[in-house]
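The values are calculated or read from the model by the stated rules, or taken from the named source; none is laboratory data. Predicted, not measured: the structure shown is a model, and the values here were computed from it. With ideal geometry, Cβ positions are generated from the backbone for all residues, glycine too; neighbour counts draw on all protein chains shown. For the accessible areas, the whole protein counts, side chains as well, though only heavy atoms, and no ligand, DNA or RNA atoms are used. Shrake-Rupley method; radii C 1.70, N 1.55, O 1.52, S 1.80 Å.
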Amino acid sequence: QYGPYRDRVGFDPIGQALGGMMMTNGLPEGPPARTNFPLIDRITALHGAIGALAALSERYFSGEGQEIDVSLADTGITVNEIPISAYLGDGQEFEREGNGAGLTNSYQTRDGWAFIAATNRAMFERLCEALERPEWVDDPRFKTRGDRCANAGALETELGAWFGQRTTAEAVDHLSGHSVPCAPVNDTAAAAMDPHVAVREAMVEVPDPVAGSMWVTGKMIKFSRTPMEVGPAPAV
């Protein structure tokens, strides 16, 4: 019954609402934020496919088939496993933090945005080297993960200035060269034209009996012996 509404707005009201995704997305002072792609649909479909494979495997032993039941609401809950587990465990509630803070955050560059995720001590030390800030390594403000979170503002000031002096490509290449996880924040056009799409065949163009041709999800699983073939959906 929610299909037409979901298709129109581009997200799943049941999965997101029951799972708490919207309440954990967005800026702290803003309203809940939805995702603009059908995440819940995709993951529920994967649950169904995994269930079908598991049932086929079990059938070899029992010789019997069985029904598989998956739901959008269940997926909404499972993708929020970490905050829900924390609440059920000790009542901890997560606050919305937008794009992150400190060493897990997005920063504006001269021509766009980049996202960094230097979450542990080893990554932080490599970041210090990349930014030529060796004094940060022994700075008591940044000794532990908790310390770095508590002093995220000081790190953001420095990182904001550093990223702001470079293009996205320059920043990503430099930090990646020091094994610091960093990636461009692509818009749709940039993502579509990324070399990864062609090299990994993540999207492929196939003939279509109605449209003539169209781009579809490509070879997401690579087999060593039996190559995947991607074609159009069969006509009714």
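Looking at region 8-44 only, could you name the residues that are over 17 Å from the mean Cα position of the chain (by Cα), open to solvent by less than 70 Å² (accessible area, probe 1.4 Å) and at pLDDT 80 or above?
Of everything in region 8-44, those that are over 17 Å from the mean Cα position of the chain (by Cα), open to solvent by less than 70 Å² (accessible area, probe 1.4 Å) and at pLDDT 80 or above turn out to be 30, 32.
Go through region 78-94 and give me each residue that's surrounded by 14 or more Cβ atoms within 10 Å (Cβ to Cβ) and not in a helix (DSSP H, G or I).
79, 80, 94 - these are the residues of region 78-94 that are surrounded by 14 or more Cβ atoms within 10 Å (Cβ to Cβ) and not in a helix (DSSP H, G or I).
Is it the case that residue 109 is free of Cβ contacts under 8 Å to residues at least 40 places away in the same chain, surrounded by 15 or more Cβ atoms within 10 Å (Cβ to Cβ) and of a type in the set (S, T, N, Q)?
In short, no.
How many residues does region 196-206 hold that are open to solvent by 90 Å² or more (accessible area, probe 1.4 Å) and either part of a helix (DSSP H, G or I) or touching a strand residue (DSSP E or B) at 6+ places or on another chain (Cβ under 8 Å) (or both)?
Total meeting the criteria: 3.
Check 110, 59 and return the single one that is under 30 Å from residue 175 (Cα atoms) and modelled with pLDDT of 95 or more.
The unique qualifying residue is 110.
Show the residue pairs meeting these rules: Cβ distance below 8 Å; 6+ apart or different chains; first residue within region 132-151 and free of Cβ contacts under 8 Å to residues at least 40 places away in the same chain; second residue part of a loop (DSSP other than H, G, I, E, B).
141/151; 142/151; 145/119; 145/120
Name every residue in region 108-148 that is farther than 21 Å from residue 164 by Cα, part of a loop (DSSP other than H, G, I, E, B) and among the hydrophobic types (A, V, I, L, M, F, W, C), in order of residue number.
137
Kindly establish whether residue 101 is surrounded by fewer than 16 Cβ atoms within 10 Å (Cβ to Cβ) and either at pLDDT below 95 or under 25 Å from residue 187 (Cα atoms) (or both).
So residue 101 passes the test.
Results for (1) more than 20 Å from the chain's Cα centre (by Cα); (2) within 15 Å of residue 115 (Cα to Cα), shown as yes or no for each residue.
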residue: 155; (1), (2): yes, yes
residue: 164; (1), (2): yes, yes
residue: 183; (1), (2): no, yes
residue: 200; (1), (2): no, no
residue: 204; (1), (2): yes, no
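Would you confirm whether or not region 51-73 contains a residue that is open to solvent by 60 Å² or more (accessible area, probe 1.4 Å) and within 17 Å of the chain's Cα centre (by Cα)?
No, region 51-73 contains no residue that is open to solvent by 60 Å² or more (accessible area, probe 1.4 Å) and within 17 Å of the chain's Cα centre (by Cα).
How many residues does region 207-232 hold that are touching a Pro at 6+ places or on another chain (Cβ under 7 Å) and part of a loop (DSSP other than H, G, I, E, B)?
2
In region 222-236, which residues are open to solvent by 100 Å² or more (accessible area, probe 1.4 Å) and of a type outside the set (Phe, Trp, Tyr)?
Within region 222-236, 224, 225, 229, 234, 236 qualify.
Here are the criteria: (1) in a helix (DSSP H, G or I); (2) open to solvent by 60 Å² or more (accessible area, probe 1.4 Å). Tell me which single one residue 190 does not satisfy.
(2)
What is the residue count in region 141-178 for residues that are of a type in the set (D, E, K, R), within 20 Å of residue 190 (Cα to Cα) and loosely packed, with under 15 Cβ neighbours inside 10 Å?
1
Determine whether residue 173 is out of contact with any helix residue (DSSP H, G or I) (no Cβ under 9 Å at 6 or more places or on another chain) and free of Cβ contacts under 8 Å to residues at least 60 places away in the same chain.
Answer is yes for this residue.
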